[in-house]
There are 2 protein chains.
Amino acid sequence: MRYGHFDDQAFEYIIERPDTPTSWVNYLGTERYCAIISNNASGYAFYESPKSQRLLRFRFNSVPMDRPGRYVYLRDQADGEYWSISWQPVAKPLDQFKTVCAHGLGYTRFVTHYRGIEATARYLVPLDSPVEIWEVELKNTSSEPRHLDVFAYAEWCFWEIQQDAFNFQYILYTCRMGYDADIVDYSIRLWPFREPKGFFASTLPVESFDTDRDCFLGAYRHEGNPTAVEQGKCSGSIAVGGTPCAALHGTIRLAPGESRRFAYVVGVGDAKTAGQEYKRKYSDPRSVEHELARLADYWQERLAGYQVKTPDPTLDSMVNVWNQVQCHTTFNWSRSASFNEAGGRDGMGFRDSNQDTLGVVHCLPEPVKAKLVDLLKAQFADGSAMHGVQPLGFTQGPHNRQGEVFSDDHLWLLVSVAAYLKETLDFGFLDAVVPYADEGEASVYEHLKRALDFSWSKRGPHGLCLGLAADWNDCLNLKGDGETTFSTFLFLLGLNELLEIARRQSRRDDEAHYGGMKRELEGAIDAHVWDGRYFLRGFLTSGRKLGAASSDQSKIFLNAQTWAVIAGAASREKLVSAMDSVHEYLATEHGAVLNYPAYTEHDAEVGAITCFPKGLKENAGIFCHANTWAVVAEALLGRGDQAYALYRAFLPAAKNDTADHYSMEPYVYSQFIVGKEHPFHFGRARNSWLTGTATWGFVAVSQYILGVRASYDGLIIDPAIPSDWEGFEVTRVFRGATYRISVRNPARVSSGVRRLVVNDEPLDGHVVPVFPAGTTVRVQVELGR
Amino acid sequence: MRYGHFDDQAFEYIIERPDTPTSWVNYLGTERYCAIISNNASGYAFYESPKSQRLLRFRFNSVPMDRPGRYVYLRDQADGEYWSISWQPVAKPLDQFKTVCAHGLGYTRFVTHYRGIEATARYLVPLDSPVEIWEVELKNTSSEPRHLDVFAYAEWCFWEIQQDAFNFQYILYTCRMGYDADIVDYSIRLWPFREPKGFFASTLPVESFDTDRDCFLGAYRHEGNPTAVEQGKCSGSIAVGGTPCAALHGTIRLAPGESRRFAYVVGVGDAKTAGQEYKRKYSDPRSVEHELARLADYWQERLAGYQVKTPDPTLDSMVNVWNQVQCHTTFNWSRSASFNEAGGRDGMGFRDSNQDTLGVVHCLPEPVKAKLVDLLKAQFADGSAMHGVQPLGFTQGPHNRQGEVFSDDHLWLLVSVAAYLKETLDFGFLDAVVPYADEGEASVYEHLKRALDFSWSKRGPHGLCLGLAADWNDCLNLKGDGETTFSTFLFLLGLNELLEIARRQSRRDDEAHYGGMKRELEGAIDAHVWDGRYFLRGFLTSGRKLGAASSDQSKIFLNAQTWAVIAGAASREKLVSAMDSVHEYLATEHGAVLNYPAYTEHDAEVGAITCFPKGLKENAGIFCHANTWAVVAEALLGRGDQAYALYRAFLPAAKNDTADHYSMEPYVYSQFIVGKEHPFHFGRARNSWLTGTATWGFVAVSQYILGVRASYDGLIIDPAIPSDWEGFEVTRVFRGATYRISVRNPARVSSGVRRLVVNDEPLDGHVVPVFPAGTTVRVQVELGR
């Protein structure tokens, strides 16, 4: 059963029925003001930091689910009946209440028909302002004159989310609400000397207001039946302490056929200055249209860097619009704020944000460079890294040395910096001097070397990387002498990236030094990690093998196979055998599980993975992030049919028609899909939006299936596609030039470029050379053997 | 307007209408299993620790307010109409739905009449078991046979409350629910190797069940309209991950006039063992009756230590029942778990729990002694103290040296230990050796000296105690050279207590040493703290006076006046002038505000108090705890009329008939009442139950107004009562003997004992000597000049 469809022309996902199994949300705003909104207008807002600058409140894991939000209520003065423009919270019967929600690029729109009123609400966050706009248009589609009450409502959060969720002795006695000139004024004082402010303005003249939630809703009521809406009038409450909200009530008369537009503006700032200014500005509907036009341009420019047309429309919807939007969202907000992440873990995960750059570096090289600097600042002088960092509050010092050291965090710098260099050829960045998190400073190049040196210093009895607190899999806590092949392969990849840079920069000593390191590592890999048909996941501190045919519980792990391929860590024969084992043991119609069989018993040497029920999260769940690596691996092996099959299995757009079971948004990736060993919910997705799947899903399809990827020397074209595709088109902006790539597949192969024509000129190989910025390059590719 | 009344015969408070302005709650359970339940059956449960062993979930500051809880739904099979035994969550119209809630001692009972069914639900926690019982009795009061569905429902919490509120990536993927033999099995695995378990059993045969909240409630629904109840059948869901609940459904046929009893048992432990055992045990209604009888005995014994009969029935209701119940609750749970305290701050506040002993030491000397040891362990070797401590997880070490040092924490040991000694004469306790929080150990007596030594070492420019992080008033953060008269007076009181002990133990060196300290301190007090008509609150680090007629903002503080009297820090003339100033500037019909005028501007030298809006919390709110000290002070001055007037002003029972405005429970104290400068809510109470007001309210009325208090030499009788009282009776158990005290006031004075007759024998003075344990002592007192 489906709930909506993609409208790629409008860059929208249209939700046709509002009773989705979970909240399907959109992120409005760009790098600073973030508004999250669901298909039922629930959600919250924050400015710069979801942890310490939370403006609108949200109740996570709440009953009724996912409240409050940005509600606009309409009330018919003729008989007092009321509804909300979004289905929730009033929730009129769906046989009479017709509503459509469109999630677009930077906006969400509701269009609702009920009782002869067509109500449109458009929510957007302008590009450069710390505000959100709720634009409402009401049209009388009946044949009678209508007299309506309109109420807009939101609840304020106490800025600091931890306090907001726990410290009721404090937060309930801090607010100092005000109201003047159609604007609600939210102000609190935090000790010492911090006085955040917010405002909520109406361009529709206000007839009554509430600033105290308890007064607006009434005791023993909820957002679905507020006493003020029922009565047609707010109480004029001014909360001085208590439960701050903003509720503004106006009235409208509409002749038959008549319509009227007005707006609400919620934002950070002083009601008397910023509030007045924004209210004035957006009193003119053209200003709102102008903001929408600017947003369209903003997104158009971002999306234009990679556009495709393939035989698979679900793939196109994802690649051209939503996968890229999701990449920008993770790049902005890492894993900090969603309907699932409450925002208590603020800032960036080190490994997360390094990877998040990969999905946007082609269109945002400068912001990526700035983020890389923020991440480099979170690396310690010994080469290891802070596991999480909040750049807003970051200061260098020994205080950053808290928490455990992970075996992979620092290594991702090699991947992210190399990707930035391949995209930009900005080798000067390697000479930039960046401080370490604890003490001292060094060039970016030196930072990269230290990352490798740290891993070199943390090898175990078999010469592989120690598992430390964990590797990418947070729940494999090997510790002691435990070793991880995942980090070992990532280390190898990192060595290869550095060696390539050293070679291009003629750093001969480093070539020799890290070349030796690489050979020794390869020797250890060769000697210890092959289990006969596939690769081990590692060794436990007792010496037991992890993920071996002989293991007690889980006998095979996905990441060990995929990363062997990605790092090129063994012969093709072994790599193919390993990926064949993935298909044999791990792959399902919803993607490949992380490990098999699932753990059922606690194992202290293995870690927290052994605590989760079978098929959930890291314990044999279908971790989508890790599935993207399987796609990359198959593509690297040239097995396009396998790569595409793995890709389609967890592609959310491909779940659109079974969304009642899949349950999460079909337009963005979720963190995981319940694995095959779960007793009930195999195939059900969880934790949408903020996942490394975004960036790697985009990398996998754009760079490996479609095969268009940056290299130092030019644009590689090396597709690995389903053999029944007759071809596809890609437009890729690379170092300022636009490459229009047309790939034909007359021989129906799944990989292999047999002909490359650039601007009508045949070339050898599959690398398109770099053309001057501003030019357009025609690239024709023919696949075949 | 009132919502209920006291039934002192039954030791109950009866709530006649359920739509109270806030949730009015009761604490079930004793020292280990705690169940909090409101007059609408909302609330939660935990075992030993509200932070890390939370069994039933609650949503704080939620909408709809205060959910979930312990809900029993009834559904008429004739037409599908359903209701809940408590008014909420289904909330049938109150003109048809008749319900009464009785909060009793260790139980809460609902009796509801609706549609010809009389439904009784009794909730209780047995004395020694980690379970709660929901006993239900249904009676058909109609003339037709009835066929009812019965659903019982609760929601499980993820044990660790911080995780429960934030870490949805984790908590939603951990539970492993089960169901067998009428019992729901709740189990989660926490890394490493912790596997808490809970169960929910029905003695009514189960016909259907749910263990997944989302299945029981249904999407976009809430506890007021669960889909399972609407349909008359649960779905049989087994949550493996997800949102764990327990919902058990049974059916009942009742002939006209017929009734039936059954029970639900919720508890900590394994469903297959503990669950089965408790289910079997409470299948017999006599077992439930037996638990109720044991609870009655338990409370009877505790309350019997102090019983009164006075001309003021509200005073009697408080003193004989509820104030004492509240004292036991704060003694058990400090400030950790209420409808306002979320439980994130676990364990004991150092100053809080020291004071909490004062309200129970007369009936629980042994548990008080054990708690004092726990507190002494939280004192550092330098004499200062940890601000908070969790004895369950406490280990000695330098790791305890975190957070700031407060100027008062350690000094409360002198007050609590002295009270214990006066009650018990257990001077041997002083020789017990107790470790310090950081390192080393010493006798209790040495601990006390070090507390004084620490304060002595932390004096400021005027020789008064430094304010440090804060004194009792957490929001006066004077720091630097800032000095506090409150802590100075408390220090003086502590010195007096130690000197008395030293004298009785013939510790001459200490008498000399601390006597000298006392004289020097009194000199400093004499020289610096008098402001002309009242006492200063202190000095700021810049040298500015705090709480002086010349101050910019607040010109007078309550605690400076009351504690001058309590410590006997000045001449009677000054003390009287100070208390007169309290009446002039601070006292109101709802109690005395903490300071006046309220702060309106940030003042960095004063502290966080300057952040709260006027009239809230520490900024000119009516802090009830501090009001009790005003009562004590007036009584010490012999001004019984003033003492009683101050006492009545904030006495919750006296607010019973204006409860719609007062808003909190009329049977227990709240932390504060909104002060007179608040623009709207003067007189509205907030934060009930867990407040130092409990212990000090009881001390103030029992020891100072009624004037019966322990001393080393016997029972002091020194009332300070309203002059229009003709007398009162007190029964007090003291060192095992029972004193039946009858006070006559023929001269209508407000204080002064002119005649004392003990067992028919006239005695001089006003101290009743100690009689042998087990005896009953008749004490006749006549007041007069």
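The values are calculated or read from the model by the stated rules, or taken from the named source; none is laboratory data. From a predicted model like this one, the values you see are computed outputs, not experimental measurements. Every residue, glycine among them, receives a Cβ derived from its backbone with ideal geometry; neighbour counts consider all protein chains shown. For the accessible areas, the whole protein counts, side chains as well, though only heavy atoms, and no ligand, DNA or RNA atoms are used. Shrake-Rupley method; radii C 1.70, N 1.55, O 1.52, S 1.80 Å.
For this structure, a couple of remarks:
- Of the helices (runs of 4 or more DSSP H) that lie entirely inside the range B:252-331, those containing 1 or more residues that are open to solvent by 10 Å² or more (accessible area, probe 1.4 Å) and within 30 Å of B:Gly727 (Cβ to Cβ) span B:285-303, B:313-317.
- Restricting attention to the range A:525-538 and to residues that are in a helix (DSSP H, G or I) and farther than 15 Å from A:Leu493 by Cβ, the residue that is most open to solvent (accessible area, probe 1.4 Å) turns out to be A:Asp526.
- Of the residues contained in the range A:119-127, none is found to be over 30 Å from A:Gly242 (Cα atoms), within 13 Å of another protein chain (Cβ to nearest Cβ) and part of a loop (DSSP other than H, G, I, E, B).
- Strands (runs of 3 or more DSSP E) wholly inside the range A:1-101 that include at least 1 residues being more than 19 Å from the chain's Cα centre (by Cα): A:4-7, A:12-15, A:54-56, A:71-76, A:82-84
- Among residues of the range B:234-250, those that are open to solvent by 30 Å² or more (accessible area, probe 1.4 Å), in contact (Cβ under 8 Å) with a residue 60 or more places away in the chain and more than 10 Å from every other protein chain (Cβ to nearest Cβ), counted: 0
- A search for C-beta distances below 6 Å between a residue of the range B:610-621 that is farther than 16 Å from B:Ser670 by Cα and at pLDDT 95 or above and any residue that is of a type in the set (Val, Ile, Thr) and assigned to a loop (DSSP other than H, G, I, E, B), counting only pairs 6+ apart in sequence or on different chains, returns nothing.
- Every condition in (1) touching a strand residue (DSSP E or B) at 6+ places or on another chain (Cβ under 8 Å); (2) within 14 Å of chain A (Cβ to nearest Cβ) is met by B:Lys98 except one, and the failing one is (2).
- Within the range B:664-688, being more than 10 Å from every other protein chain (Cβ to nearest Cβ) and either on the phi > 0 side of the Ramachandran plot or of a type in the set (A, V, I, L, M) (or both) holds for B:Met664, B:Val668, B:Ile673, B:Gly683, B:Ala685.
- Residue within the range B:630-651 that is at pLDDT 95 or above, buried (at least 24 other Cβ atoms within 10 Å of the Cβ) and touching a Cys at 6+ places or on another chain (Cβ under 6 Å) present: yes
- Qualifying residue in the range A:572-595 (condition: hydroxyl-bearing (Ser, Thr, Tyr) and either surrounded by 24 or more Cβ atoms within 10 Å (Cβ to Cβ) or in a loop (DSSP other than H, G, I, E, B) (or both)): no
- Across the range A:18-29, a minimum of one residue is classified as farther than 27 Å from A:Pro313 by Cα, touching a strand residue (DSSP E or B) at 6+ places or on another chain (Cβ under 9 Å) and in contact (Cβ under 8 Å) with a residue 60 or more places away in the chain.
- For the range B:152-161, the count of residues that are under 30 Å from B:Ala296 (Cβ atoms), part of a strand (DSSP E or B) and away from every other protein chain (no Cβ under 13 Å) is nonzero.
- Hits in the range A:752-785 - residues which are assigned to a strand (DSSP E or B), more than 25 Å from A:Arg639 (Cβ to Cβ) and of a type in the set (Asp, Glu): A:Glu761
- Matching residues in the range A:166-188 - criterion: being β-branched (Val, Ile, Thr), within 11 Å of chain B (Cβ to nearest Cβ) and either under 33 Å from the mean Cα position of the chain (by Cα) or closer than 14 Å to A:Ala271 by Cα (or both): A:Ile171, A:Ile188
Residues are listed down the side, and each one gets a yes or a no for (1) touching a Ser or Thr at 6+ places or on another chain (Cβ under 7 Å); (2) surrounded by 22 or more Cβ atoms within 10 Å (Cβ to Cβ); (3) within 20 Å of B:Arg294 (Cα to Cα):
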position	(1), (2), (3)
B:Phe6	yes, yes, no
B:Pro21	yes, no, no
B:Asn26	yes, yes, yes
B:Thr30	no, no, yes
B:Ser38	yes, yes, no
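- Across the range B:765-785, not a single residue is classified as in contact with an Asp or Glu (Cβ under 6 Å, 6 or more places away or on another chain), surrounded by 22 or more Cβ atoms within 10 Å (Cβ to Cβ) and touching a residue at least 12 places away in the same chain (Cβ under 8 Å).
Residues are listed down the side, and each one gets a yes or a no for (1) over 11 Å from B:Val593 (Cβ atoms); (2) more than 9 Å from chain A (Cβ to nearest Cβ):
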| position | (1), (2) |
| --- | --- |
| B:Ala608 | yes, no |
| B:Phe612 | yes, no |
| B:Ile622 | no, yes |
| B:Asn627 | no, yes |
| B:Val632 | yes, yes |
| B:Gly640 | yes, yes |
| B:Ala643 | yes, yes |
| B:Leu646 | yes, yes |
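- Matching residues in the range B:56-81 - criterion: being more than 14 Å from chain A (Cβ to nearest Cβ) and open to solvent by 30 Å² or more (accessible area, probe 1.4 Å): B:Arg75, B:Gln77, B:Ala78, B:Asp79, B:Glu81
- Selected residue (only one of A:Ala587, A:Ala569, A:Ala548 is within 30 Å of A:Pro652 (Cα to Cα) and under 35 Å from the mean Cα position of the chain (by Cα)): A:Ala587
- None of B:Ser52, B:Ser42, B:Ser84 is out of contact with any strand residue (DSSP E or B) (no Cβ under 6 Å at 6 or more places or on another chain) and either more than 23 Å from B:Asp660 (Cα to Cα) or within 12 Å of chain A (Cβ to nearest Cβ) (or both) except B:Ser52.
- Pick from the range A:600-611, criterion in a loop (DSSP other than H, G, I, E, B) and open to solvent by less than 10 Å² (accessible area, probe 1.4 Å), ranking: farthest from B:Glu195 (Cα to Cα): A:Val606
- Residue within the range B:304-312 that is under 29 Å from B:Val415 (Cβ atoms) and of a type in the set (Val, Ile, Thr) present: yes
- On the stretch given as the range B:724-750, residues that are open to solvent by less than 50 Å² (accessible area, probe 1.4 Å) and assigned to a strand (DSSP E or B) total 13.
- Subset of the range A:479-505 [in a loop (DSSP other than H, G, I, E, B) and either in contact with a helix residue (DSSP H, G or I) (Cβ under 7 Å, 6 or more places away or on another chain) or open to solvent by less than 10 Å² (accessible area, probe 1.4 Å) (or both)]: A:Gly482, A:Gln505
- Set side by side, the residues A:Arg75, A:Arg59 differ, and just one is closer than 28 Å to A:Arg253 by Cα and of a type outside the set (S, T, N, Q), which is A:Arg75.
- Residue list for the range B:89-113, filter: touching a residue at least 40 places away in the same chain (Cβ under 8 Å), out of contact with any Asp or Glu (no Cβ under 7 Å at 6 or more places or on another chain) and either of a type in the set (A, V, I, L, M, F, W, C) or open to solvent by less than 20 Å² (accessible area, probe 1.4 Å) (or both): B:Val90, B:Ala91, B:Thr99, B:Cys101, B:Leu105, B:Gly106, B:Thr108, B:Phe110
- Given (1) open to solvent by 10 Å² or more (accessible area, probe 1.4 Å); (2) within 9 Å of chain B (Cβ to nearest Cβ); (3) not small (Gly, Ala, Ser), index of the condition A:Gln231 fails: (2)
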